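Student: Take a look at the following structure, please.
The values are calculated or read from the model by the stated rules, or taken from the named source; none is laboratory data. Predicted model only: the values in this text are computed from it and were never measured. Neighbour counts run over all protein chains shown; Cβ positions are idealised from the backbone, glycine included.
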């Protein structure tokens with residue numbers, strides 16, 4: 001049940017020109033294309049939906065097993081399985097357009113040309129509020145090095161996408177770097193309107209009885225509560241230097257978790273792995289943020305963002 005009060009505070013937040021009713025978004029790869037959760041969650045109560053990562057052509061992803069539970073989290077190596085951009089527009093987007101909640105599309109490619117083509121295609125489609133650019137993908141032309149771990153490659157791919165689209169552009173950053181602020185600055189310099197972080201941390205798990213990796217890909221992305229302290233630190237670091245809004249991601253499962261990110265400087269948050277455990281998690285986080293603001297006499301979300309005392 002939603003928390004109600006006569007003194008309901010203003011939870012709206014602006015991410016790259018897209019006004020969200022509240023700061024709670026769903027993280028790409030954890031919420032399908034939205035409709036999958038429609039019988040479990042009132043999708044109109046979310047701040048925004050970020051759909052599963054889309055490529056130009058459909059992708060089957062990695063062979064199973066692709067998920068392994070770990071202490072306080074999970075490893076996944078799904079391999080960005082998706083229906084492809086054309087099928088998304090034809091079969092998934094029409095439903096999303098019936099919602100009042102903005103839809104962001106997460107896009108990825110293996111070359112700068114693929115990213116550019118996708119961005120140009122997105123620009124011609126109505127009903128998409130903005131683009132979240134996944135730069136954690138390997139650039140096949142330079143030996144599989146991820147775009148998001150090299151400042152120059154990050155700049156190049158973001159600039160290429162920026163040249164092809166006028167849509168709000170949010171760049172999702174990888175934590176698998178020495179200094180995330182340098183990658184963040186490259187993305188902003190190249191034209192990013194917002195930054196989301198963090199993506200998963202590379203990890204692995206071994207079945208000691210079989211002496212094999214628990215996932216077929218050997219390594220995978222670690223997510224869930226285990227990565228929250230790392231994510232929070234990186235969000236705080238980037239928010240300190242960023243001239244654009246920052247969206248916090250990583251281990252958020254409760255209102256208290258989300259509030260930490262907001263106080264650290266995030267203008268919004270994304271909920272990921274927790275959706276698998278509790279599909280109603282995001283809505284409860286919205287209600288919890290509202291209650292906290294009422295209890296502490298905070299009238300507007302903007303009065304809370306970035307108020308960490310150091």
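Student: Out of 13, 30, I need the residue that is over 16 Å from residue 276 (Cβ atoms), touching a helix residue (DSSP H, G or I) at 6+ places or on another chain (Cβ under 6 Å) and either surrounded by 14 or more Cβ atoms within 10 Å (Cβ to Cβ) or at pLDDT below 95 (or both). Which one?
Tutor: Just one listed residue meets the conditions, 13.
Each row is one residue, and each column tells you yes or no for (1) on the phi < 0 side of the Ramachandran plot; (2) in a helix (DSSP H, G or I); (3) surrounded by fewer than 16 Cβ atoms within 10 Å (Cβ to Cβ); (4) touching a helix residue (DSSP H, G or I) at 6+ places or on another chain (Cβ under 6 Å).
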residue	(1), (2), (3), (4)
183	yes, yes, no, yes
192	yes, no, no, yes
196	yes, no, no, no
210	yes, no, yes, no
226	yes, yes, no, no
233	yes, yes, yes, no
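Student: Follow-up question, since we're still on this one. Every residue in the range 156-181 that is farther than 14 Å from residue 122 by Cα, surrounded by fewer than 22 Cβ atoms within 10 Å (Cβ to Cβ) and touching a residue at least 60 places away in the same chain (Cβ under 8 Å), please.
Tutor: Listed by number, the list holds a single entry, 181.
Student: Looking at the range 39-56, which of the residues that are part of a loop (DSSP other than H, G, I, E, B) and in contact with a helix residue (DSSP H, G or I) (Cβ under 8 Å, 6 or more places away or on another chain) is farthest from residue 80 (Cα to Cα)?
Tutor: Taking the range 39-56 first, the residues part of a loop (DSSP other than H, G, I, E, B) are 39-42, 46-47, 51-53, 55-56.
Filter once more, so that each one left must be in contact with a helix residue (DSSP H, G or I) (Cβ under 8 Å, 6 or more places away or on another chain): 41-42, 46-47, 51, 55-56.
Details: 41: 24, 42: 26, 46: 24, 47: 24, 51: 12, 55: 8, 56: 12 Å.
The selected residue is 42.
Student: Here's another thing I want to ask about it. Counting just the residues of the range 104-158 that are part of a strand (DSSP E or B) and farther than 19 Å from residue 81 by Cα, which one comes out modelled with the lowest pLDDT?
Tutor: First, the residues of the range 104-158 that are part of a strand (DSSP E or B): 104-107, 130-134, 138-139, 145-146.
Narrowing further to those that are farther than 19 Å from residue 81 by Cα: 130, 145.
Numbers: 130: 98, 145: 78.
If we take residues in the range 104-158 being part of a strand (DSSP E or B) and farther than 19 Å from residue 81 by Cα, then 145 is modelled with the lowest pLDDT.
Student: Follow-up. Sort through 251, 221, 203 and tell me the only one that's in a loop (DSSP other than H, G, I, E, B) and touching a residue at least 40 places away in the same chain (Cβ under 8 Å). Show your work before the answer.
Tutor: Numbers: 221 fails: in a loop (DSSP other than H, G, I, E, B); 203 fails: in a loop (DSSP other than H, G, I, E, B).
Result: 251 is the single residue among 251, 221, 203 that is in a loop (DSSP other than H, G, I, E, B) and touching a residue at least 40 places away in the same chain (Cβ under 8 Å).
Student: While we're looking at this one, here's another question. Across the range 57-75, what is the number of residues that are out of contact with any helix residue (DSSP H, G or I) (no Cβ under 9 Å at 6 or more places or on another chain), surrounded by 17 or more Cβ atoms within 10 Å (Cβ to Cβ) and assigned to a strand (DSSP E or B)?
Tutor: Result for the range 57-75: 3.
Student: Still on this structure, I have one more. Tally the residues that are more than 18 Å from residue 237 (Cα to Cα), out of contact with any helix residue (DSSP H, G or I) (no Cβ under 7 Å at 6 or more places or on another chain) and not in a helix (DSSP H, G or I), restricting the search to the range 254-290.
Tutor: Adding up the residues that qualify gives 4.
Student: I want to confirm something. Restricting to the range 17-33 and keeping residues that are more than 14 Å from the chain's Cα centre (by Cα) and in a loop (DSSP other than H, G, I, E, B), which single residue is nearest to residue 223 (Cα to Cα)? Talk me through it step by step, then tell me what you get.
Tutor: Step one: list which residues in the range 17-33 are more than 14 Å from the chain's Cα centre (by Cα), which gives 17-22.
Checking the rest, the ones that are also in a loop (DSSP other than H, G, I, E, B) come to 17, 21-22.
Working: 17: 29, 21: 26, 22: 23 Å.
Going through the qualifying residues, I end up with 22.
Student: Here is a follow-up. Pick from 151, 132: which is within 25 Å of residue 15 (Cα to Cα) and in contact with a strand residue (DSSP E or B) (Cβ under 6 Å, 6 or more places away or on another chain)? I'd like the intermediate steps shown before the answer.
Tutor: Values: 151 fails: in contact with a strand residue (DSSP E or B) (Cβ under 6 Å, 6 or more places away or on another chain).
Exactly one of 151, 132 is within 25 Å of residue 15 (Cα to Cα) and in contact with a strand residue (DSSP E or B) (Cβ under 6 Å, 6 or more places away or on another chain), namely 132.
Student: I would also like to ask the following. Looking at 84, 79, which is the one that is surrounded by fewer than 22 Cβ atoms within 10 Å (Cβ to Cβ) and at pLDDT 95 or above?
Tutor: None of the others qualify; the one that does is 84.
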